[in-house]
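Asker: Take this structure first; my questions come after.
The values are calculated or read from the model by the stated rules, or taken from the named source; none is laboratory data. This structure is a prediction, so every number in the text was calculated from the model and none was measured. Because the Cβ atoms are built from the backbone with ideal geometry, glycine has one as well, and the counts that use them run over all protein chains shown.
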Amino acid sequence: MECAFDFPITANSIVSKLVACIGDRVVECSIRDKEEAKQRYEDAIAGGHAAVLGDKKKDAVSIKIGNLLPG
């Protein structure tokens, strides 16, 4: 399962850290080049691992969390 969230922000906001809590796991994300981040996300998903991908847009931060297990 993959979930997507959009969090509204102001246009001049800076995103410097992303931490996702998935069940009892805490995933701290690091900032990467957009293409490298997409590739790492896709590789993790293909390998059966949970993964988080964030992308700052003009007025929102979009976050995808992939390979979520039921419950």
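Asker: Can you tell me which of 33, 55 is surrounded by 13 or more Cβ atoms within 10 Å (Cβ to Cβ) and at negative phi?
Answerer: Going through 33, 55 in turn, just one is surrounded by 13 or more Cβ atoms within 10 Å (Cβ to Cβ) and at negative phi: 55.
Asker: Follow-up question, since we're still on this one. Among residues belonging to region 4-19 that are in a strand (DSSP E or B) and modelled with pLDDT of 90 or more, point out the one that is nearest to residue 42 (Cα to Cα).
Answerer: 4
Asker: Continuing with the same structure: Residue by residue through region 1-18, note down the ones that are in contact (Cβ under 8 Å) with a residue 60 or more places away in the chain and acidic (Asp, Glu).
Answerer: Listed by number, the list holds a single entry, 2.
Asker: Please find, within region 36-52, the residue that is surrounded by the fewest Cβ atoms within 10 Å (Cβ to Cβ) out of those that are of a type in the set (A, V, I, L, M, F, W, C) and farther than 18 Å from residue 5 by Cα.
Answerer: Ranking the candidates gives 46 first.
Asker: Only one of (1) on the phi < 0 side of the Ramachandran plot; (2) assigned to a loop (DSSP other than H, G, I, E, B) fails for residue 48. Which number is that?
Answerer: Looking at each condition in turn, residue 48 falls short on (1).
Asker: Consider residue 21 carefully, then state whether it is farther than 12 Å from residue 55 by Cα, loosely packed, with under 12 Cβ neighbours inside 10 Å, in contact (Cβ under 8 Å) with a residue 24 or more places away in the chain and of a type in the set (A, V, I, L, M, F, W, C).
Answerer: No; evaluated as a whole, the condition is false for this residue.
Asker: Only residues that are out of contact with any strand residue (DSSP E or B) (no Cβ under 8 Å at 6 or more places or on another chain) and among the charged types (D, E, K, R): list them for region 1-41, please.
Answerer: 24, 25, 32, 33, 35, 36
Asker: Please state which one of 44, 37, 11 is within 11 Å of the chain's Cα centre (by Cα) and either closer than 15 Å to residue 61 by Cβ or not aromatic (Phe, Trp, Tyr) (or both).
Answerer: 37
Asker: Moving on. Name the single residue, out of those in region 23-41 being in contact with a Gly (Cβ under 9 Å, 6 or more places away or on another chain) and part of a helix (DSSP H, G or I), that is farthest from residue 64 (Cα to Cα).
Answerer: Step by step, filter region 23-41, then rank; the result is 37.
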